[in-house]
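Input: a single structure, listed below in structure tokens.
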Amino acid sequence: MALIEFHDVYKAFGPKVVYKGLSLAIERGETFTILGGSGVGKSVMLKLLIGLLKPDAGSIVFDGERVETMGPKALQRLRQRVGMVFQGAALFDSLSVRENVAYGLREHFNMDEASISERVAWALSLVGLPGVESMNPADLSGGMRKRVGLARTIALQPEVLLYDEPTTGLDPINISRINHLITSLEKALNITSVVVTHDMSTAFSVSHRLAMVHKGRIIATGTRDEFRASTVPLVHQFITGQAPEDEDMAALVGRTGQGDRAS
């Protein structure tokens, strides 16, 4: 059984329909990347997974349990198993790096100060930032802020890491650094990773499998090689950065059915 499953999920916000029959499965231990243009609901998928949003129809299953029917205690247990790395790092500017990384530990665990300090140092070392505990977020570069945000999440030692546009706003060197961190953490911590991005360098660097969202459904899934070799027009144009002509859109969508392989 897959660790994470979306079954025929529908979600709308008023007249805006985000998902209309979304289905996918993510295996334990893989890095799975969700692709799609701006506004297709990639981040909504992550919020549905951890119960911040509920689907209008369909079901979301995590490790055999339906997320949309969980009560508050079950959702709290789920969120301790699933860590989310936010697009903007979401650091508290009034707190030091140490206190930012320790924040979740104080909220969710009964740990003494020595244990907290040890866990903070461990997490910062994993993201390549040892010894920066006393610095303030305002003194960090954009790439360092991203890595501190990642350290705060992995300090909780989750089983699953969710990355919401992890390389947005970074220069090529820092994009490469974050991509390397995603793959190295997956190996070092033996975790499952779900990456939401529109950056193809990140997608092809970190993923075991990818899926592309368009008009509320998954239109293609496959490995990196399958996506690179894809003959699905919309997939090919997305990964090569080619904008389709308006008159071609209906044909493109018509040729990409629910759950088609990328190849």
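The values are calculated or read from the model by the stated rules, or taken from the named source; none is laboratory data. Bear in mind that the values here come from a model prediction, so they are computed numbers and not experimental data. Positions of Cβ are backbone-derived with ideal geometry, glycine not excepted, and every protein chain shown enters the neighbour counts.
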Does the stretch 32-48 contain any residue that is within 26 Å of residue 100 (Cα to Cα), surrounded by 14 or more Cβ atoms within 10 Å (Cβ to Cβ) and touching a helix residue (DSSP H, G or I) at 6+ places or on another chain (Cβ under 9 Å)? yes
If we scan the stretch 141-162, do we find a residue that is in contact (Cβ under 8 Å) with a residue 24 or more places away in the chain, in contact with a Phe, Trp or Tyr (Cβ under 9 Å, 6 or more places away or on another chain) and either charged (D, E, K, R) or within 26 Å of residue 10 (Cα to Cα) (or both)? yes
Here the qualifying pairs (Cβ atoms under 7 Å; residues six or more apart or on different chains; first in the stretch 108-131 and touching a residue at least 24 places away in the same chain (Cβ under 8 Å); second of a type in the set (A, V, I, L, M, F, W, C) and in a loop (DSSP other than H, G, I, E, B)) come out as 108/156; 119/155; 120/155; 123/155; 124/132
If residue 198 satisfies every condition in (1) in contact with a Pro (Cβ under 8 Å, 6 or more places away or on another chain); (2) of a type outside the set (Asp, Glu); (3) under 17 Å from residue 45 (Cα atoms) but one, which is the exception? (1)
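Do you know which of the residues in the stretch 121-133 that are in contact with a Leu (Cβ under 8 Å, 6 or more places away or on another chain) and of a type outside the set (Gly, Ala, Ser) is surrounded by the most Cβ atoms within 10 Å (Cβ to Cβ)? Quick ask: steps written out before the conclusion?
Keep residues of the stretch 121-133 that are in contact with a Leu (Cβ under 8 Å, 6 or more places away or on another chain), which gives 126-128, 130-133.
Next, from what is left, pick out any that are of a type outside the set (Gly, Ala, Ser): 126-127, 130, 132-133.
Details: 126: 19, 127: 24, 130: 11, 132: 20, 133: 17.
Result: 127.
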Would you check if residue 95 is of a type outside the set (Val, Ile, Thr), in contact with a Pro (Cβ under 9 Å, 6 or more places away or on another chain), modelled with pLDDT under 95 and surrounded by fewer than 20 Cβ atoms within 10 Å (Cβ to Cβ)? yes
For the stretch 136-231, please list each of the strands (runs of 3 or more DSSP E) lying entirely inside it that holds at least 1 residues being of a type in the set (D, E, K, R), surrounded by fewer than 22 Cβ atoms within 10 Å (Cβ to Cβ) and under 14 Å from the mean Cα position of the chain (by Cα). 160-164, 209-214
Yes or no: the stretch 11-18 includes at least one residue that is within 22 Å of residue 197 (Cα to Cα) and under 19 Å from the mean Cα position of the chain (by Cα). yes
Can you tell me which residue among 209, 177, 224 is at pLDDT 90 or above, of a type in the set (D, E, K, R) and over 13 Å from residue 29 (Cα atoms)? 224
Subset of the stretch 19-31 [crowded, with 22+ Cβ neighbours inside 10 Å and either closer than 30 Å to residue 180 by Cα or of a type in the set (A, V, I, L, M, F, W, C) (or both)]: 22, 26, 31
Tell me whether the stretch 87-102 contains one or more residues that are among the acidic types (Asp, Glu) and either free of Cβ contacts under 8 Å to residues at least 40 places away in the same chain or within 22 Å of residue 198 (Cβ to Cβ) (or both). yes
For the stretch 168-187, give me the residue count where each residue is out of contact with any Leu (no Cβ under 7 Å at 6 or more places or on another chain) and closer than 24 Å to residue 81 by Cβ. 5
Among residues belonging to the stretch 1-16 that are outside any loop (DSSP other than H, G, I, E, B) and without any contact (Cβ under 8 Å) to a residue 24 or more places away in the chain, point out the one that is surrounded by the fewest Cβ atoms within 10 Å (Cβ to Cβ). 16
By residue number, the members of the stretch 206-226 that are in contact with a Lys or Arg (Cβ under 9 Å, 6 or more places away or on another chain) and not aliphatic (A, V, I, L, M) are 207, 208, 209, 215, 216, 217, 221, 222, 223, 224, 226
